[in-house]
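**Q** Please see the structure below; I have some questions.
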Amino acid sequence: MKLSFVRVTKWDQTLDLLNVRNQCRDGMTHTTRLLTEEDQAKFFANEIVSGHTYECYLLKDGEAVAGYGLLKRDGDKKWMTAGLARPYRAKHLSRLLISLITEVAYADPGIEVWIDVYSDNLALRGDLHAGYEFVDSVRQPDGRLLHIMKHRRDRRLGESEAGRLALPDILTEINEVDAISRAFYGLR
Ligand SMILES: CC(C)(COP(=O)(O)OP(=O)(O)OC[C@H]1O[C@@H](n2cnc3c(N)ncnc32)[C@H](O)[C@@H]1OP(=O)(O)O)[C@@H](O)C(=O)NCCC(=O)NCCS
């Protein structure tokens with residue numbers, strides 16, 4: 001794999017984003033409907049070109065789209081969402097993706113990064129790994145439990161959390177995130 005993380009600024013990238021987001025729609029916390037090219041054209045005009053509320057990123061593997069990350073601005077908060085294209089799932093890539101999109105969020109000063117995620121979503125493990133902590137948990141009318149979590153950059157997992165997650169190759173992961181974010185920001 002040759003991974004890179006790029007900001008969506010062009011229409012063809014916005015179509016790639018549509019495709020990968022629709023592959024991920026079942027895991028979305030809020031809108032799970034299939035988005036259309038027409039929806040995406042409005043999103044492109046309102047959000048990508050003029051950039052009001054959202055920042056969108058693609059995780060690429062060479063030219064292939066491996067996943068995406070989204071940040072929704074809400075005052076000083078950014079709400080994070082992430083998803084992987086189907087062929088890239090079950091390879092432990094979610095932690096890497098979540099760490100990348102979270103770090104990118106801090107490019108603006110004074111930002112807090114938040115996520116709301118259902119307790120049965122596999123992303124929850126990656127969120128914990130990446131340093132999100134529980135702020136609130138709300139039982140939904142359909143009985144599912146929605147966790148509201150805030151990122152802490154200085155967070156160290158407690159013994160019980162780390163034990164439950166089992167951290168086999170954290171150093172490799174840190175080095176990967178470091179290399180990709182340096183390339184992203186053009187650092188050496
Ligand atoms: C959520 C998502 C990013 C997870 O990625 P993934 O490739 O499926 O999962 P990963 O291979 O990274 O595994 C995630 C963790 O779950 C564990 N896991 C995988 N399958 C599991 C299973 N059946 N039961 C329990 N744990 C499992 C993995 O071991 C891994 O934990 P670890 O990193 O501590 O080892 C991906 O499924 C996706 O894009 N879903 C649709 C979009 C979505 O739901 N996004 C989140 C919105 S909040």
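Derivation of every value follows stated rules applied to the coordinates shown; laboratory data play no part. Because the structure is predicted, anything quoted here is derived from the model rather than measured. Don't worry about glycine lacking a Cβ; one is built from the backbone with ideal geometry, like all the others, and counts go over all protein chains shown.
**Q** Pick from Lys77, Lys91, Lys60 the residue whose mean-square fluctuation is largest in a GNM of the chain, springs joining Cα atoms under 10 Å.
**A** Comparing Lys77, Lys91, Lys60 in the GNM, the peak value goes to Lys91.
**Q** Still on this structure, I have one more. Mind sorting Tyr68, Tyr106 by how few other Cβ atoms lie within 10 Å of their own Cβ, fewest first? Walk me through the intermediate numbers first.
**A** Details: Tyr68 28, Tyr106 14.
Listing Tyr68, Tyr106 from fewest to most nearby Cβ atoms yields Tyr106, Tyr68.
**Q** If I build a Gaussian network model for the chain, linking alpha-carbon pairs within less than 10 angstrom, which residue out of Thr31, Thr102, Thr14 has the largest mean-square fluctuation?
**A** Looking only at Thr31, Thr102, Thr14, the biggest GNM fluctuation is shown by Thr31.
**Q** Could you give the alpha-carbon Rg of the chain over 2.2 N^0.38 Å, rounded to two decimals? Mind showing how you got there, number by number?
**A** Values: Rg = 16.1 Å, N = 188, 2.2 N^0.38 = 16.1 Å.
Relative to the 2.2 N^0.38 Å estimate, the chain comes out at 1.00.
**Q** Now for a separate question. Is the range 3-53 rounded, prolate or oblate when judged by the Cα gyration tensor, a ≥ b ≥ c being the square roots of its eigenvalues, rounded requiring a/c under 1.5 and prolate requiring a/b larger than b/c? Mind showing how you got there, number by number?
**A** Numbers: a/c = 1.70, a/b = 1.24, b/c = 1.37.
It comes out oblate by the Cα gyration axes.
**Q** Nearest 500 deg cm²/dmol is fine: what mean residue ellipticity at 222 nm does the chain get from its DSSP H runs of n ≥ 4 alone, each adding -39,500 (n - 2.57), divided by its residue count? Kindly include the intermediate steps, with their values, before the conclusion.
**A** Working: 6 runs with 62 residues, N = 188.
After summing the helix terms and dividing by the residues of the chain, the value is -10000 deg cm²/dmol.
**Q** Could you list Met80, Met149 so that the one with the fewest beta carbons within 10 Å of its beta carbon is first and the one with the most is last? List each step's numbers first, then the result.
**A** On the way: Met80 25, Met149 22.
Result, fewest neighbours first: Met149, Met80.
**Q** Sticking with this one: To make sure I understand, if each residue's beta carbon is the centre and we count other beta carbons within 10 Å, what order do Arg73, Arg153, Arg21 fall in, fewest to most?
**A** Values: Arg73 16, Arg153 10, Arg21 21.
By the 10 Å Cβ count, ascending, the order reads Arg153, Arg73, Arg21.
**Q** By per-residue mean of other Cβ atoms within 10 Å, what is the highest-first order of 33-40, 119-126?
**A** Details: 33-40: 11.9, 119-126: 16.2.
Order by mean packing, descending: 119-126, 33-40.
**Q** Further question: Just to be sure I understand the rule: take each whole DSSP H helix in the chain, project its Cα atoms onto its long axis, keep it if the span is 20 Å or more and its mean Kyte-Doolittle hydropathy is at least 0.0. Which ones pass? Present the calculation step by step, with values, prior to reporting the outcome.
**A** Numbers: long enough: 170-184 (21 Å, 0.53).
Qualifying helices: 170-184.
**Q** Given the range 28-95, report the % of alpha carbon pairs whose separation exceeds 16 Å. Walk me through the numbers before you get to the answer.
**A** On the way: 1355 of 2278 pairs.
That fraction is 59 percent.
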